[in-house]
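Colleague: Got a structure for you, written out below as structure tokens; questions coming shortly.
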Amino acid sequence: MQIDWLTVAAQIVNFLVLVWLLQRFLYRPITEAMARREARIETRLSEAKEARAEVETEARRLREKQQELEASRDEVLRKARQEADELRTALEDGLRKEMEARRKTWEDHLEEERDAFAARLRQHAGHQVIDIVGRVLRDYAGTDIAGQVAGTFVERLADLDAEAREKLSDAARRADGRARVDSGVPLDPSARSRVTRAVNEQIAPDIEVAYGEDDALLIGVRLTIGEQTVEWSATRFLGRLEKTLDEVIEGSGRPRSGRAAATV
Amino acid sequence: MEISPDAWVLYEWRGLQLNATIVFTWGVMALMVIGASVITARLSEGETVSRWQVALEVIVSTIRDQIAEVGADEPGRYLPFIGTLFLFIATANLLSVVPGYQPPTGSLSTTVALALCVLIAVPLFSIGERGLVSYLRTYVQPTPLMLPFNLVAEVSRTIALAVRLYGNVMSGTVIVGILISVAPFFFPVVMQVLGLLTGLIQAYIFAILAMVYIGSASRTGHRADAPPPTDTGE
């Protein structure tokens, strides 16, 4: 075991040289390369993190936008439903009003038809009544209906109170002595002369009387002098008949209102 | 049989002897420097890295990690010294499988030189870390009575470093020589393999102990808090 101090010194120098050379060719290049690579990896990692954060932000924004869209869609649906409800209500109201108007029109039309029917019925019934009454009078009393009518009219003229008779006399004076007698049935000459005589005696002695016919009077006579009128007719008898007929028609026109209405 | 390569003189000029220790040391140095420069001349910083570069990066980063594990705050500061110690000893020992090669670490002169380097590096690193006064104060702690013992410890551990490495490497060479003369086949190969392992372990132990000495001297008050690590000599 020997130590060569010269060799020791040379080895110390050799070792220090080796330290310097390895630092120059090994440690520094390797550590620098590793540091640069780590720095680049760090940079790329941070870039990736930034990109990820950006993507997450974008995703969050899109999610919020989607939620807004869903919310607005619900709002639109709600409005559409509301509009549809309003439209349906308006249509129902319109339809109801239209139905009401049609029903009203139908009822008016029905009323008119009923009135027309009643008028025709009344007229027809009046003629029938007159025919029947006339026939009965001829068959059983031996008189004609025109003569009876004229007789009744003469009696009524005689029963007039003084005030009414005065009014008729004044009217005869203003009307230049002309009077008109209308009857529902034609008066024969004897009846006419009786009526003319009664008028001359009761109202004005020199008045001229003209005769005419009016179907609306049915059985009866109407005396017209100027604006004054005296009338006697069978219309009031027919009034009750008309009322009864009205009740019958009302009952048949509204069958759902019950049978009791028809029997009133 | 030559025990030390110091005695193998290859060239002599005016009393200066160029022995095998120095020549083989140069050879090892040349191999290491050329290999390192060739590999680091084409360093890649991209995705693809050559396997040689990977090997060097693994070696360097492992040495840095070991230095950091011993307790150094800045591994890069000690890396050239400690790393060169380890790489030189390991390369010199591993090359012993080459026929005709004698490891320079088998020479007591080489190991003494390396131990002296450590002996000088410890105060240098410590003074650089904490200042001259603070370093000198560690020799009189915990009491001035400890000054002779601290000085003896400083010298003795240097001698221990040198002799441990020398003894292990030289013994491997001697054992192989003896076995070749006794049993020329098979056994020398086994011992060579064992020698590779021993050589690596010795390189590791030498470098780590050097780092421990440096680190313990560099840390403030460490000498008072904890005793120096005991040697784990073979």
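Colleague: Starting from the Cα-Cα distance between A:Glu201 and A:Glu107, subtract it from 0.36 nm times their residue separation and give me the gain in nm to one decimal. Walk me through the numbers on the way to the answer.
Modeller: Numbers: separation 94, 0.36 × 94 = 33.84 nm, distance 5.34 nm.
Once the chain is fully extended between A:Glu201 and A:Glu107, it gains 28.5 nm.
Colleague: Something else: Working from Cα positions, state the angle (0 to 90°, nearest 10) between the long axis of helix B:51-70 and the longest principal axis of chain B.
Modeller: 30 degrees
Colleague: Using Cα atoms only, what is the angle between the long axis of helix A:5-22 and the major principal axis of chain A, expressed in degrees (0 to 90) to the nearest 10?
Modeller: That helix lies at roughly 20 degrees to the long axis.
Colleague: Can you compute 3J(HN,Hα) from phi for each residue in the range A:35-45, using the Karplus curve 6.51 cos²θ - 1.76 cosθ + 1.60 with θ = phi - 60°, rounded to whole Hz and x for Gly and Pro?
Modeller: Each residue's phi maps through the Karplus curve to give 5, 5, 5, 4, 4, 5, 4, 4, 4, 5, 5 Hz.
Colleague: Reachable aspartates and glutamates from A:Lys104, Cα under 13 Å, same-chain residues fewer than 8 places away excluded?
Modeller: A:Glu112
Colleague: Under a straight-distance cross-link criterion of Cα-Cα below 17 Å, which aspartates and glutamates are reachable from A:Lys49, leaving out those fewer than 8 residues away in the same chain?
Modeller: Partners found: A:Glu38, A:Glu58.
Colleague: Just the number, please: percent antiparallel of the DSSP beta bridges in the protein assembly as shown, rounded to the nearest 5. Could the numbers behind the result be given before it?
Modeller: Numbers: 14 of 20 bridges.
Rounded to the nearest five, the antiparallel share is 70 percent.
Colleague: Still on this structure, please answer the following. Which residue, A:Arg178, A:Arg194, A:Arg44, tops the fluctuation ranking in a GNM of chain A built on C-alpha contacts under 10 Å?
Modeller: A:Arg44
Colleague: Still on this structure, please answer the following. For a Förster distance of 30 Å, can you work out the FRET efficiency between the beta-carbons of A:Ser190 and A:Gln128, rounded to the nearest 0.05? Mind dumping the intermediate values first?
Modeller: Values: r = 26 Å, r/R0 = 0.88.
Once rounded, the FRET efficiency stands at 0.70.
Colleague: Heavy-atom accessible area per residue, the range B:1-69, 1.4 Å probe: how many Å²? Don't skip to the answer; put the middle values down first.
Modeller: Values: 4280 Å² over 69 residues.
Spelled out: the 1.4 Å probe surface of the range B:1-69, per residue, equals 62 Å².
Colleague: Just need the relative contact order of chain A here, percent rounded to a whole number, with Cα pairs under 8 Å and 6+ apart.
Modeller: On the way: 188 pairs, mean separation 36.3, N = 264.
It rounds to 14 percent for chain A.
Colleague: May I pose another question? Return the distance in nm (one decimal) between the two label points of a simple spin-label model at B:Met146 and A:Asp176, each offset 7 Å from Cα along Cα→Cβ.
Modeller: Label at B:Met146, label at A:Asp176, 17.1 nm between them.
Colleague: In addition: Give me the one-decimal nm value for the distance between modelled label points at B:Ile59 and A:Glu227, 7 Å along each residue's Cα-to-Cβ direction.
Modeller: Going from the B:Ile59 label point to the A:Glu227 one covers 15.1 nm.
Colleague: Output the peptides B:211-218, A:215-222, A:89-96, B:100-107 sorted from most to least packed, where packing is the average of other Cβ atoms within 10 Å over each peptide's residues. Walk me through the numbers on the way to the answer.
Modeller: Working: B:211-218: 22.0, A:215-222: 19.9, A:89-96: 10.0, B:100-107: 24.4.
Per-residue Cβ counts within 10 Å, averaged per peptide and sorted highest first, yield B:100-107, B:211-218, A:215-222, A:89-96.
Colleague: Sticking with this one: Using R₀ = 60 Å, calculate the FRET efficiency as 1/(1 + (r/R₀)^6) where r is the Cβ-Cβ separation of B:Arg14 and A:Glu42; round to 0.05.
Modeller: On the way: r = 59 Å, r/R0 = 0.99.
With R0 = 60 Å, the Cβ-Cβ based efficiency is 0.50.
Colleague: If you count, for each residue, the other Cβ atoms within 10 Å and average over each peptide, how do B:194-202, B:177-185 line up from highest to lowest? All intermediate terms of the calculation are to be shown ahead of the outcome.
Modeller: On the way: B:194-202: 17.7, B:177-185: 11.4.
Final packing ranking: B:194-202, B:177-185.
Colleague: Taking each residue in B:46-55, count the Cβ atoms of any other chain within 10 Å of its Cβ, then average. What number comes out?
Modeller: Values: counts 2, 1, 0, 2, 0, 0, 0, 4, 0, 0.
Across the residues of B:46-55, the mean count of other-chain Cβ atoms within 10 Å is 1.
Colleague: When a/c reaches 1.5 or more, the comparison of a/b and b/c decides; with that in mind, is chain B rounded, prolate or oblate per its Cα gyration tensor? Please report the intermediate quantities before stating the final value.
Modeller: Details: a/c = 1.92, a/b = 1.32, b/c = 1.45.
Taking the square roots of the gyration eigenvalues as a ≥ b ≥ c, chain B is oblate.
Colleague: Applying 1/(1 + (r/R0)^6) with R0 = 51 Å to the Cβ-Cβ distance of A:Ala210 and A:Thr244, what FRET efficiency is obtained, to the nearest 0.05?
Modeller: On the way: r = 37 Å, r/R0 = 0.72.
Here the calculated transfer efficiency is 0.90.
Colleague: Mind checking the angle between helix A:162-174 and chain A's longest principal axis? C-alpha axes, 0 to 90 degrees, to the nearest 10.
Modeller: 90 degrees
The values are calculated or read from the model by the stated rules, or taken from the named source; none is laboratory data. Remember, it's a predicted structure, so these values are computed and weren't measured experimentally. Note that each Cβ is placed from the backbone with ideal geometry, even for glycine, and that neighbours are counted across all protein chains shown. For accessibility, only protein heavy atoms count, side chains too; no ligands or nucleic acids. Shrake-Rupley method; radii C 1.70, N 1.55, O 1.52, S 1.80 Å.
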